[in-house]
1. Counting only residues that are of a type in the set (A, V, I, L, M) and modelled with pLDDT of 85 or more, how many does segment 39-82 have?
2. Filter segment 31-75 down to the residues that are among the acidic types (Asp, Glu) and under 13 Å from the mean Cα position of the chain (by Cα), then identify the one that is most open to solvent (accessible area, probe 1.4 Å).
3. Confirm whether residue 36 is at pLDDT 80 or above and in a helix (DSSP H, G or I).
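The values are calculated or read from the model by the stated rules, or taken from the named source; none is laboratory data. If you're wondering where the values come from, they're calculated on a predicted model, not measured in any experiment. Note: accessible area is taken over every heavy atom of the protein model, side chains too, but ligands, DNA and RNA are not part of it. Shrake-Rupley method; radii C 1.70, N 1.55, O 1.52, S 1.80 Å.
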Amino acid sequence: MVLLIATSAILEPLEETAIATKYTANQQSFYETDYLKWIESTVEKLRTGDYANIEWENLIAEIEDMGQSERRSLESNLVIVC
């Protein structure tokens, strides 16, 4: 019985992710049509804990881009200082 409980606990988040993925695939994302609205919507979902409806792929890509941009800026500033 413990194994069944552990399995249910693992499957539940996976099912939520699958539902969110289907929802995102069927609806055009604000990420593609209204970037500011997408950011505001994503922030609200994070604040309220609505993790199942976050467009994780787009959010991860934006965080990666932000890190790369910061790195390029730092390198540019170091070149100017040196």
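1. Step one: filter segment 39-82 for residues of a type in the set (A, V, I, L, M), giving 39, 43, 46, 52, 54, 59-61, 63, 66, 74, 78-81.
Applying the additional criterion that residues be modelled with pLDDT of 85 or more yields 39, 43, 46, 52, 54, 59-61, 63, 66.
Counting residues in segment 39-82 that are of a type in the set (A, V, I, L, M) and modelled with pLDDT of 85 or more gives 10.
2. From segment 31-75, those among the acidic types (Asp, Glu) are 32, 34, 40, 44, 50, 55, 57, 62, 64-65, 70, 75; that's our starting set.
Still in the running and under 13 Å from the mean Cα position of the chain (by Cα): 40, 44, 50, 55, 57, 62, 64-65.
Details: 40: 107, 44: 97, 50: 53, 55: 29, 57: 159, 62: 42, 64: 110, 65: 79 Å².
Looking at the filtered set, the residue picked out is 57.
3. On the way: at pLDDT 80 or above: yes; in a helix (DSSP H, G or I): yes.
Yes: the conditions hold for residue 36.
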